[in-house]
Amino acid sequence: MVYRTQYHIVWVTRYRRKILVKGVRNYLKIKLKEIRKYYPEWEYIEMGINSDHVHLHMIIPPKYAVSKAMETIKKNTSRSLREKFRFWTRYAGMIKEYGERVILFPRWE
C-alpha cells in the first residue's frame, strides 16, 4: 500500500433527531461491518455512533471518491435501518430513551 488516505467523516440524522438509540446503534454497527465485506479495501480505524450523528474515521483508497463511498454507506445503512425499524415511518416526532425503554411521540399533523 503506497497511500494512506484517512478521512474523518461525520453525518447526522435528519433534523438531528435522536433516533440512534441502543438497539438501532448496534444494528448500524453490524451493517457498517457488512459493507466492508463488499469493499475490503476500505478500513475503519474508529467508529463512534451518538444518538443523532455518526463519526467514522476510515481509510478509503484513492480509486474511490469519498463522496461515492459515503453514498454507498449511507444508502445501504439507511435502507437496512428503515426495513428493520419500520416504526420510523409512522413516527417522525420525538424519540426518548428511558433506561431500556424507548418511548415514541408521534408528530402532530
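Pick from segment 17-72 the residues that are aromatic (F, W, Y) and in contact with a helix residue (DSSP H, G or I) (Cβ under 8 Å, 6 or more places away or on another chain): which of them is farthest from T5 (Cα to Cα)? Among residues in segment 17-72 that are aromatic (F, W, Y) and in contact with a helix residue (DSSP H, G or I) (Cβ under 8 Å, 6 or more places away or on another chain), the one farthest from T5 (Cα to Cα) is Y27. Of the residues that sit in segment 56-98 and are modelled with pLDDT of 55 or more and of a type in the set (G, A, S), which one is surrounded by the fewest Cβ atoms within 10 Å (Cβ to Cβ)? Per the criteria, the residue is S67.
Output the residues belonging to segment 23-55 that are among the basic types (K, R), closer than 17 Å to K84 by Cα and either surrounded by 12 or more Cβ atoms within 10 Å (Cβ to Cβ) or touching an Asp or Glu at 6+ places or on another chain (Cβ under 6 Å) (or both). Within segment 23-55, R25, K29, K31 qualify. Just wondering, is there one or more residues in segment 1-17 that are under 15 Å from the mean Cα position of the chain (by Cα), at pLDDT below 95 and among the aliphatic types (A, V, I, L, M)? Within segment 1-17 (the criterion being under 15 Å from the mean Cα position of the chain (by Cα), at pLDDT below 95 and among the aliphatic types (A, V, I, L, M)), the answer is yes, since at least one residue qualifies.
The values are calculated or read from the model by the stated rules, or taken from the named source; none is laboratory data. Because the structure is predicted, anything quoted here is derived from the model rather than measured. Here Cβ is always computed from backbone atoms with ideal geometry, including for glycine, and neighbour counts include all displayed protein chains.
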